[in-house]
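Beneath this line is the structure, given in structure tokens, with notes to follow.
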Amino acid sequence: MHRSCVLAAIFLVTASRLAAQATITGVIKEDSSKAKVAGVEVVIQALDKKATTDTAGRFTMGGLAHGIHVILVRAIGYQPIRLQAYLVSNDTLDVELTLKKSIVELAPLEVTASAVPSGLQDFEERRTFGIGEFIDWTRLRKEEFRRTSDMFRGVHGVRIRYDRNGQAFLSSSRGNCPMQIVLDGLSIYKPGAPGGPPSIDLWSIANLDAIEVYAGESTTPMPFTGRGAGCGTVILWTRRH
């Protein structure tokens, strides 16, 4: 077979595979007012894919394989939705979804040891979504004799690696690249920054109140997505009580 024929055959196979991909589109409204909701995240965690609704409440996510996919729909202030969608090759599934506002019940004022420490409301709110891995202050207080890197052993999507000096840093098990580090809501390291990733053991367990781990960009919270989040994100919260 001539080289030109081989290239043509490869092109046709590639084009066929691309054409066989499915797409899901839709509009998301508020349950009570029927108003379109912007900024809603539509996530397929298994594929590390995410789309966000525009000002008209619409989203589009393409390049999806034929089959059943688990989809998470989430937005701050609303109850998350988890659903399964069966996608057909070379077809578009259009959906209309409604979100219910989260109901916040005000319990009687009590001061207890399990109360959320000041400044960790964002941590607690994201934990209710159930996306990511969360280590709170109650566990950290019991583990203060260990190194901080030990807390990440067995955590989904995270690999502990060591630099030439034997210092532990965190890497994505998918892309084998360093993870973004966020400290108290401020991104202090992004992959590719000069000097390389910091050792995670620079922060002792005794000085931490909470840890959040997101294996990829699709699960990383909106304030920290974009450049640097492709290999996942670790959020550290320093001790405040």
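The values are calculated or read from the model by the stated rules, or taken from the named source; none is laboratory data. Computed from a prediction, not measured in an experiment: that's the story for all the values here. Positions of Cβ are generated from backbone atoms using ideal geometry, with glycine treated the same way; all protein chains shown enter the neighbour counts.
Do we find that residue 134 is surrounded by 11 or more Cβ atoms within 10 Å (Cβ to Cβ), modelled with pLDDT of 90 or more and in the same structural domain as residue 215 (by TED's automatic domain parsing) in this structure? Before you say what the answer is, go through the steps one by one.
Numbers: surrounded by 11 or more Cβ atoms within 10 Å (Cβ to Cβ): yes; modelled with pLDDT of 90 or more: yes; in the same structural domain as residue 215 (by TED's automatic domain parsing): yes.
So residue 134 fits the description; yes.
So residue 72 passes all but one of these: (1) at pLDDT 85 or above; (2) outside the structural domain of residue 27 (by TED's automatic domain parsing); (3) not in a helix (DSSP H, G or I); (4) not small (Gly, Ala, Ser). Which condition number does it fail?
(2)
Any idea which of (1) surrounded by 14 or more Cβ atoms within 10 Å (Cβ to Cβ); (2) out of contact with any Lys or Arg (no Cβ under 6 Å at 6 or more places or on another chain); (3) modelled with pLDDT of 85 or more is the one residue 180 doesn't satisfy?
Tallying (1) surrounded by 14 or more Cβ atoms within 10 Å (Cβ to Cβ); (2) out of contact with any Lys or Arg (no Cβ under 6 Å at 6 or more places or on another chain); (3) modelled with pLDDT of 85 or more, residue 180 fails exactly one: (2).
Among the residues of the stretch 23-52, count how many are hydroxyl-bearing (Ser, Thr, Tyr) and either within 24 Å of residue 132 (Cα to Cα) or not in a loop (DSSP other than H, G, I, E, B) (or both).
Residues of the stretch 23-52 that are hydroxyl-bearing (Ser, Thr, Tyr), as a first pass: 23, 25, 32-33, 52.
After this cut, where a residue has to be either within 24 Å of residue 132 (Cα to Cα) or not in a loop (DSSP other than H, G, I, E, B) (or both) as well, the list is 23, 25, 52.
Residues meeting the conditions: 3.
Can you name the residue in the stretch 85-113 that is of a type in the set (Ser, Thr, Tyr) and modelled with pLDDT of 85 or more and is also surrounded by the fewest Cβ atoms within 10 Å (Cβ to Cβ) among such residues?
My answer is 92.
Hey, among the residues in the stretch 30-60 that are acidic (Asp, Glu) and under 16 Å from residue 77 (Cα atoms), which one's nearest to the chain's Cα centre (by Cα)? Walk me through how you get there before you give the answer.
Step one: of the stretch 30-60, the residues acidic (Asp, Glu) are 30-31, 41, 48, 54.
Within this subset, residues satisfying the condition of being under 16 Å from residue 77 (Cα atoms) are 30-31, 41.
On the way: 30: 23, 31: 25, 41: 10 Å.
Looking at the filtered set, the residue picked out is 41.
Just to be sure, is residue 146 among the basic types (Lys, Arg) and in a loop (DSSP other than H, G, I, E, B)?
Values: among the basic types (Lys, Arg): yes; in a loop (DSSP other than H, G, I, E, B): yes.
Against the criterion (among the basic types (Lys, Arg) and in a loop (DSSP other than H, G, I, E, B)), residue 146 qualifies.
Quick one: which of 74, 82 is among the charged types (D, E, K, R) and either over 25 Å from residue 223 (Cβ atoms) or exposed (fewer than 14 other Cβ atoms within 10 Å of the Cβ) (or both)? Break it down stepwise before answering.
Numbers: 74 fails: either over 25 Å from residue 223 (Cβ atoms) or exposed (fewer than 14 other Cβ atoms within 10 Å of the Cβ) (or both).
Step by step, each of 74, 82 is checked, and only 82 is among the charged types (D, E, K, R) and either over 25 Å from residue 223 (Cβ atoms) or exposed (fewer than 14 other Cβ atoms within 10 Å of the Cβ) (or both).
Given the residues 164, 159, which is the only one that is assigned to a strand (DSSP E or B) and either acidic (Asp, Glu) or more than 22 Å from residue 126 (Cβ to Cβ) (or both)?
Values: 164 fails: assigned to a strand (DSSP E or B).
After ruling out the rest, the residue left standing is 159.
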